[in-house]
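No value in this document is a laboratory result; all are computed from the given coordinates. On a predicted model such as this, the values are computed, not experimentally measured, just so you know. So basically every Cβ, Gly included, is an ideal-geometry build from the backbone, and we count neighbours across all protein chains shown.
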Amino acid sequence: MTKLWGGRFTEATIAEVDAFTASIGFDARLAVADIRGSIAHARMLGQAGIIPDRDAEEIVLGLEEMLGEATEGTLKFRVEDEDIHMNVERLLTERIGAVAGKLHTARSRNDQVATSMHLFMRSAVWEVVQEIRALQVTLVEQAERYIDVIIPGYTHLQRAQPVLLAHHLLAYFWMLERDADRMESTLQRMNVLPLGAGALAGTTFPIRRELVAAELEFDGLYQNSLDAVSNRDYLLEFLSNASICMMHLSRFSEELVLWSSEEFGYIELADRYCTGSSMMPQKKNPDVPELVRGKTGRVYGHLIALLTVMKGLPLAYNKDLQEDKEGVFDTLDTLLPALRIFRGMISTWTVHSERLQTAFDKDFSAATDLADELARRGLPFRQAHAVVGQLVQKALSRGIGLADLSVEDFRELSPLFDERVHDLLQLRHVVDSRSAVGGTATCAVVQQLAAAKQSSAFVSSSERS
């Protein structure tokens, strides 16, 4: 079969080369974006007088018919046609005849694929933003539901200080807020039109790029044709943003795995988000958060892969750039389900408040409060720190917690303690004494919830768009 570009060739490519160089196996998902870009290009060709209006109208009608089929997923593609662009042109030619050949006037596959990717990614990244925002809303709902639940806070995975579960959940809310902001920022830089750059140097035809940009709702035009066809910064930004977002989900997943273990027992995930063992009947495995944690490395790999592809490429277009798509598509197919499933996991989990209450038995997480109290009464903090450390050691040696020590035990190490010392060790006091902005006190978390509800996550999609 003669290729559309095969005029100067004396022999056909062998089947292995066709298979190796073809991208239709993965870029078929660009069909809708590619046809939309072609419709705008055809209209511009007619409006600019580059092809007759009747030809432009015929091409547009044929493409619009194909657009409906592409949306429904009923278009059939062939490997021999290499990529989505050649497949669309071949299908259009079969429908409307030789006039379809005028569609490619004043453009190259180089600026065509760049336009298709910009259109596709603009829609895909916006979908990611919506899913991030939806998960944020779920976190706020759960934070409000469990506003009175206290959990152990950890550093180095060692018991540190008690915090509200709501406070812990909102930490992920703000991580996701940054994730969504990064995605939206990338959307702004992505929304410029590359079409019109030709293969690398522009075109000799009197094209009107601003007409295409307006129809496709781009905010502006690439100002340099070399940059237009070779830029993949927006894909690298997306992969970087996605990697950070997956990292946040992975960290949360690690906590869900720990918290749902029998050793912790803080939460239980709904059965629908867990699996069993083929050998051990009693098992309930948190496979979903484990897979989110595992798939994070997969997304990192796609970022490194594209950075590696790009690092040695001279301007302008090189076939290496075909490798930009599969990793991006796979990242989307990983991140979007992870966000959706995470929302379901968190909205259906069970928090074992009674288990969390007993988790603080023989606990030392109020130790800092004792040191702070001594400092407030005039003892230098470093000395106060040492005193409380000795109290902890005394309790450990007896196999009890700080709250089980007597007032005399406290006063033996510092006369600054009085009979109210045990009040300082009450969990609710420990939590609610941290009332500065950003703290874990109930009043501070209520403020934090109010701030969260003022964020973009609680603005309707129509308002955001």
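The peptide list 268-274, 153-159, put in order of mean Cβ contacts within 10 Å with the highest first, becomes 268-274, 153-159.
Between residue 107 and any residue 5 or more places off or on another chain, the built amide H atoms are never under 5 Å apart. Annotation: amide H-H contacts under 5 Å for residue 221 (H modelled 1.01 Å from N, sequence separation of 5 or more, or interchain): 193.
In order along segment 361-378, the Karplus-derived 3J(HN,Hα) couplings, from 6.51 cos²θ - 1.76 cosθ + 1.60 at θ = phi - 60°, round to 5, 6, 9, 10, 6, 9, 4, 4, 5, 5, 5, 4, 5, 4, 5, 5, 8, x Hz, and Gly and Pro are given as x.
Ranked by the mean number of other Cβ atoms within 10 Å of their residues, highest first, the peptides 426-433, 279-286 fall in the order 426-433, 279-286. Kindly flag which residue pairs out of 102/319; 283/325; 76/325; 76/319; 295/319 have an alpha-carbon separation exceeding 31 Å in this structure. Those over the limit are 283/325.
Close amide H pairs (under 5 Å, H built 1.01 Å from N) link residue 267 with 260, 352, residues at least 5 positions away or on another chain.
Mean sequence separation of contacting Cα pairs (under 8 Å, at least six apart), scaled by the length of the chain, corresponds to a relative contact order of 15 percent. Using the alpha-carbon positions of the chain, Rg (one decimal) and Dmax (whole number) come out as 30.3, 100 Å.
Shape call for segment 6-105 from the C-alpha gyration tensor, a ≥ b ≥ c root eigenvalues: rounded (a/c under 1.5), prolate (a/b greater than b/c) or oblate? Note, shape of segment 6-105 comes out oblate.
Once Rg and the Kirkwood radius are both taken over the C-alpha atoms of segment 374-459, their ratio Rg/Rh works out to 1.16.
From most to least packed by mean Cβ count within 10 Å, the peptides 330-340, 214-224, 131-141 give 131-141, 330-340, 214-224.
Across segment 53-59, coupling constants 3J(HN,Hα) worked out from phi with the 6.51/-1.76/1.60 Karplus curve, θ = phi - 60°, read 4, 5, 5, 4, 5, 5, 4 Hz, and Gly and Pro carry x.
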